[in-house]
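The block underneath contains the structure these notes are about, expressed in structure tokens.
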Amino acid sequence: MLMKASSQSLTEQLAGRFAHRIRTRLLAPGARLPSVRQCALQHSVSPSTVVSAYDQLLAQGLVEARKNRGFFVREAVSSGRDSGATASATAVPGTPAARPHAPIDATALIRGMFHRVSDKPQPGMGVFPPEWMESTFMPTAVRKVTSTRALQEFSLQYGEPKGDSGLRRALSKKLATLSVHAAPENIITTVGATHALDIVSRTLLSAGDHVMVEEPGWAVEFARLAALGMRILPVPRGPDGPDLAVMARYCELHQPKLYVSVSVFHNPTGYCLSPGSAHRVLQLANQHNFHIVEDDTYSHIAPEHATRLCALDGLQRTIHVSGFAKILAPNWRVGFLAAHPSLIEQLLDTKLLATLTTPALLEKALALCMEQGQLRRHAERIRTRLAAARSRSVKLALAAGCTFAAEPVGLFGWVDTGVDTDALAQRMLDEGYLLAPGALFHAQRKPSTLMRINFATTQDAAFWKKYSELVRRM
């Protein structure tokens, strides 16, 4: 709330608030600021105060004025080095435009993800609340692997390039329960699942290559691929899987090298791939000679029997990627990939060039948690708790006037608010709530009435009450 008794003028306070949000990426490049009238009403100030504040932002180079459209956060300026990789791709008749993501700061959305706006539960966050993941077995495992003797054995040398052998054996057994059969030597540990995705991209792709990515999808993946100079082909994701007709036409026209998929509990919709769609996707991959990277980030809270491309394909054209940030500890940054033996050495070379090896201490601790069944029991407790939270959250969302655009399953709900969620997100930010508006989940930002909610953090009736109040005013 702006303070009249502050040493700063109302104009300076308002400009400072927007400047902070822009610099911390809570207002993303291209986002539209509220109209002068809306902003004045929201902050109980005069229109002239808003105009003066926006003028300050213009002078600082943080926003730009577009004639008859309003004020927008300035886009990142391209250096022109990757102009070939970011040129518009040829449109495919009957499909969404085959377009690359505009060149942006690839860390913009990640910075916003890390910014703590208040102590309230955050509806837009992508992880479980810290108290859900508290345990005694993790600290115990760390203590066991950090004895003086153990530290001397593995900390005074680089360790195994592919990662701790004990963890890779445990991962091989875990994957077998999902019908994904990968020997320990065909598994490489990484610094989280995002690092695994990056290793795959850097190994299999070159700047200018076409990559099919599900839309809606996780914006960080769009930004990461764009930063590497890839041409993004957004494939609409439906309840059963990707739009196969769109994929087929992309294949004929663009010869994509890679398809990135979240088959199980897709982010943000929660959709799971059907067997029929999975078989057709694999047929396209074989026919048009592209690889598939399957991001199985949510495997720990998903049914083991869920359809996975890697299980059906036997890791012939597929690469399995996953991690433990969602279920165990986001800051441990332990992930992995599993691939066909013919690709492993190439993927390992890419890892070595970037990180040499991965830290063995937490890998050994994780292996211990898996071998003793503690991680499995922990995941079962999380699933039970999530089911109860989801039930409460769904009731609150429906009572607040939301509709679900996809069946509420998994960690996330994909809800339709009926209002512009970019504008709603800015208003909720003033109340201490960070939302995940639908625009974040498209290859090119565009207005949306959808938003992603985290079922674990939207059980708070106070959030939905404030949500309802603000929606009624819009």
- Message: Can you show me the helix-derived [θ] at 222 nm for the chain, built from DSSP H runs with n ≥ 4 at -39,500 (n - 2.57) apiece and divided by the number of residues, rounded to the nearest 500.
- Response: -13000 deg cm²/dmol
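Determine the per residue accessible area of segment 139-252 with all protein chains present and a 1.4 angstrom probe, expressed in square angstrom.
Computed with neighbouring chains in place, this is 40 Å² per residue.
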- Any idea of LEU2's accessible area? Nearest 10 Å², probe 1.4 Å. 20 Å²
- Would you mind working out the magnitude of the charge dipole of segment 248-353 relative to its Cα centre, with +1 at each Lys and Arg C-beta and -1 at each Asp and Glu C-beta, to the nearest 20 Debye? 160 debye
- Point-charge dipole on Cβ atoms (K/R +1, D/E -1) for segment 397-447, about Cα centre, debye to 20: 140 debye
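What is the gain in length, in nm to one decimal, between TYR158 and MET3 on full extension, counting 0.36 nm per residue of separation less the C-alpha to C-alpha distance?
Fully extending the segment from TYR158 to MET3 adds 50.3 nm.
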- Task: Starting from the Cα of LYS466, draw a straight line to each of the lysines and keep only those under 21 Å, dropping any in the same chain fewer than 8 residues away.
- Result: LYS120, LYS395
- For PHE137 and GLN283, compute 0.36 nm times the residue count separating them, minus their Cα-Cα distance, and round to one decimal in nm. 48.2 nm
- Query: Under a point-charge model restricted to the Cβ atoms of Lys and Arg (+1) and Asp and Glu (-1), what is the dipole moment magnitude of the chain relative to its Cα centre, in debye to the nearest 20?
  - Reply: 960 debye
- Task: With θ set to phi - 60°, apply the Karplus curve 6.51 cos²θ - 1.76 cosθ + 1.60 along segment 435-443 and write out the HN-Hα couplings as whole Hz, x wherever there is a Gly or Pro.
- Result: 9, 10, x, x, 4, 5, 9, 10, 4
- Message: Just to be sure I understand: if I project the alpha-carbon convex hull of segment 262-379 onto a plane and average over all orientations, what area do I get in nm²?
- Response: 8.5 nm²
- Query: So what are the three principal axis dimensions of segment 183-323 from its Cα atoms, in whole Å, longest to shortest?
  - Reply: 36, 32, 28
- Task: Provide CYS272, CYS369 ordered by accessible surface of protein heavy atoms (probe 1.4 Å), highest first.
- Result: CYS272, CYS369
- Alpha-carbon centroid distance for the pair segment 335-412 / segment 423-461, whole angstrom: 22 Å
- Note on the structure: hull vol. (C-alpha, convex hull) per residue for the chain, Å³ -> 164 Å³
- How large is the accessible surface per residue of segment 343-467, computed with a 1.4 Å probe and reported in Å² as a whole number? 40 Å²
- Collect residues whose amide H, placed 1.01 Å from N in the peptide plane, falls under 5 Å from the amide H of GLU214; neighbours closer than 5 in sequence don't count. VAL235, VAL260
- Task: Report the one residue of VAL246, SER201, PRO184 whose Cα lies farthest in the direction of the positive end of the charge dipole of segment 165-248 (charges on C-beta: Lys and Arg +1, Asp and Glu -1; origin at the Cα centre).
- Result: PRO184
- Task: Sketch the reach of a paramagnetic label on ALA59 as a point 7 Å from Cα along Cα-to-Cβ, and name the residues of segment 1-27 whose backbone nitrogen lies under 11 Å away.
- Result: 12
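If you roll a 1.4 Å probe over the chain with all protein chains in place, what percent of the accessible area is carbon or sulfur?
53 percent
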- In whole angstrom, how far apart do the alpha carbon centroids of segment 232-275 and segment 1-34 sit? 39 Å
- Rough spin-label spacing in nm, given labels placed 7 Å along Cα→Cβ, for SER48 and ARG383: 6.4 nm
- Sequence-distant lysines (8 or more away, or on other chains) whose Cα lies within less than 25 Å of LYS174: LYS144, LYS162, LYS326, LYS351, LYS364
- Message: What does the charge count around GLN346 come to, taking other residues whose C-beta lies under 15 Å from its C-beta (Lys +1, Arg +1, Asp -1, Glu -1)?
- Response: +1
- Item | Difference of contour (0.36 nm per residue) and Cα-Cα distance, ALA207 to GLU431 | 76.4 nm
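The values are calculated or read from the model by the stated rules, or taken from the named source; none is laboratory data. Because the structure is predicted, anything quoted here is derived from the model rather than measured. All Cβ positions, glycine included, derive from the backbone under ideal geometry; neighbour counts span all protein chains shown. The protein model used for the area step is the full one, side chains on, heavy atoms only, and it has no ligands, DNA or RNA in it. Shrake-Rupley method; radii C 1.70, N 1.55, O 1.52, S 1.80 Å.
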